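These notes concern the structure reproduced below.
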Amino acid sequence: MTTSASTAELTCPICLISSNDNDTTNTNNEDPVKFLQTPCNHHFCQPCIERVLLKPRSNNIITMGPCPMCRLPIILFDLEYISSDNTDSCTRYIGNSDVSTWPIANSQYKQRSLIPMETDELLQRLISRKGVIEGYGITFCFQNSKPSMEFSSNLNIVFDYDFKEGTNNNIDEHLLPLSSIVFDTSYFHQRSNTFHGRVVFANPICDMNNNDDKPFYFYEQLHCTLHFSENGNYIRAGYLRWKLATTSTRDYPLDGCWEVQYTDDLPITISVQQHFFTYKGSNCQITIGDDSFPRFTWPNSYGHGEVKLICNQPIQDIDESIQWTTIHGHHLIKWRRKSNIDDCWKVSTFKAGTIVYQTYNQNSGSSISLGPKHYPNQLWGNSFCQGYCVGMASYHFLKPDCNGNLHAYISYESPRTEMWPSLDNGDNVPSRVPFRNIQWNSETRTFNGDICWEEDYNTTWMGERLWKYEITFDSTFMFVLSGTVTRSTGEPHKFGIDLVYINAAIESTLKEELQNSQGEYMQHLEAIRRWRDAGATPKTLDMLGEVAISIMDDDSSSSVIDFNL
């Protein structure tokens, strides 16, 4: 990518500011607006593209997002400044590469489960089944001048093996174990708490720890992006991009990345290397017949034999399609090429949930406790959420401070609140809004408090200046039993009817109950009966019941409750 375009020719397509406007800016003794170019050759002023890429998203890591013009994925640190003269000089967007100054310096991050009794067994199953390539069983180390990744199960270095021309057969004698990698380049973006690291492998690597009959891939690069919590205690989300090693287009013309659609199913993306790929759990190998037509076979989804497909079309370029049909023409699969093998990446993502990467103390061998906790005998210390999501107007009741003062707040920290309206003065809704005028009656388990929009923020929200809360909890503080929110305009909201809140730590509590009952199959029904007898409304029972039933699946790696870690 070159950045030789003159800024005199540029206009930001978002805010329409022109580089010519910099002349006016300079007369006011302000810095001129800088323009950045994306890898897809689109130009934006720096404030606009930063605003796009630094906005939290539920499906992307901060600093990553779609190009506003073509929607191709871009990363903030892949952007280059456009020179103000007509030279070919270019400067990448700046990140801090001095590890010693990072807030995560001298830290290690290991995976653990937020459900205590599952820590070892569940993690080992996931690591064995998914492995390092999928983001499991890694220790992220930031203790030296060069950050690194250590693996609980080895990857493999491929040496003295011409994988471009060869096949996966008889490769064992060409493998060496790889227990860690060190990033070639790395930097930290303080504003977003995001780490970016890249490594180019001198020899291709592969993962041979899966089942022997499963095709494996060769990789030649890794790009790693990690988004940390504000206090650096855990990784909120991770994004691993493994670049597939380039193969011979002459011998493997179908290698690359394809969007696949079978009949009326939703399209999925597959990666093909050495004509190996996995589709819907089936391992497939493409062969070229004597008629020069490619073909492959996969098991019938109904268990009746195999489906053999053949393609009699020329191999297509990017964004063009080919069609596969069965020998008898009864089935049709459409492939649309997304990239060639020289730009084919396997993407693995992970987010903090039941399984989380958190900082690890080497001396004590312990991790910092994360996630909400359930206190069955008191309100203080508990958190309550709606919609199975912490941070989506969830209620947090802090333990009394050293002077015995009570504090509580509503959290709007979840990315799901991005689509909610701004305050009426245009400002974003604060991430935490404190309750004022707090009162607590321990006998009736009733909390009273006010949300003072106008008093605290000198504005209103959706026309509301004051909310007055009265909340009554069940005897074990597992859910909100009843109560109202009286608003300055409109009818009051009623808890258990249009506001349904449960304890955010319900899963760990129910897991412990299930363990203590030796995993009795009907234990979740007993819990539902107990909540019904305690006075839970039908809507509250529905929410509680879904969580109770979900914990019966002890092989689940995800939490019903989004902790918004």
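The values are calculated or read from the model by the stated rules, or taken from the named source; none is laboratory data. In this text the structure is predicted, and so the values were computed from the model without any measurement. A quick note on method: Cβ atoms are made from the backbone with ideal geometry, for glycine too, and the neighbour counts reach across all protein chains shown.
The table below lists the values:
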item	result
Candidate set from region 453-472 (those that are closer than 13 Å to Asn425 by Cβ and assigned to a helix (DSSP H, G or I)); member that is farthest from the chain's Cα centre (by Cα)	Glu454
Neighbours by Cβ (under 9 Å, 6+ apart or cross-chain): first from region 533-552, assigned by TED's automatic domain parsing to the domain that holds Leu514 and in a helix (DSSP H, G or I); second of a type outside the set (Phe, Trp, Tyr) and surrounded by fewer than 13 Cβ atoms within 10 Å (Cβ to Cβ)	Lys539/Asp498
Of all residues in region 1-49 being crowded, with 19+ Cβ neighbours inside 10 Å, at pLDDT 90 or above and part of a loop (DSSP other than H, G, I, E, B), the one that is farthest from the chain's Cα centre (by Cα)	Cys12
Matching residues, region 58-116, being assigned to a loop (DSSP other than H, G, I, E, B), within 30 Å of Val390 (Cβ to Cβ) and at pLDDT 90 or above	Trp102, Pro103, Ile104, Ala105, Asn106, Ser107
Given (1) crowded, with 17+ Cβ neighbours inside 10 Å; (2) in contact with a Cys (Cβ under 9 Å, 6 or more places away or on another chain), index of the condition Leu466 fails	(1)
Residues within region 383-442 that are farther than 25 Å from Gly463 by Cβ, part of a strand (DSSP E or B) and among the aromatic types (Phe, Trp, Tyr), tallied	3
Selection status of Asp450, part of a strand (DSSP E or B) and among the acidic types (Asp, Glu)	yes
Leading residue by the ranking (modelled with the highest pLDDT) among those in region 249-277 that are out of contact with any strand residue (DSSP E or B) (no Cβ under 7 Å at 6 or more places or on another chain) and acidic (Asp, Glu)	Asp251
Any hit, region 485-504, residues being touching a Cys at 6+ places or on another chain (Cβ under 6 Å) and not charged (D, E, K, R)	yes
Top-ranked residue in region 278-337 [being among the hydroxyl-bearing types (Ser, Thr, Tyr) and surrounded by fewer than 13 Cβ atoms within 10 Å (Cβ to Cβ); ranked as modelled with the highest pLDDT]	Thr287
Members of region 239-264 that are farther than 20 Å from Glu320 by Cα and either part of a loop (DSSP other than H, G, I, E, B) or over 27 Å from the mean Cα position of the chain (by Cα) (or both)	Ala245, Thr246, Thr247, Ser248, Asp251
Cβ-Cβ under 7 Å pairs, at least 6 apart or on other chains, region 115-144 side under 19 Å from His223 (Cβ atoms), far side modelled with pLDDT under 80	Gly131/Asn209; Gly131/Asn210; Tyr136/Leu126
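Per-residue answers, yes or no, for (1) buried (at least 21 other Cβ atoms within 10 Å of the Cβ); (2) modelled with pLDDT of 90 or more:
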position: Val182; (1), (2): no, yes
position: Asn203; (1), (2): no, yes
position: Asp213; (1), (2): no, no
position: Asn231; (1), (2): no, no
position: Gly238; (1), (2): yes, yes
position: Thr247; (1), (2): yes, yes
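This table checks each residue for (1) at pLDDT 95 or above; (2) surrounded by fewer than 20 Cβ atoms within 10 Å (Cβ to Cβ); (3) not in a strand (DSSP E or B).
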site	(1), (2), (3)
Arg125	no, yes, yes
Tyr136	no, no, yes
Asn144	no, yes, yes
Asn156	no, no, no
Glu165	no, yes, yes
Val200	yes, yes, no
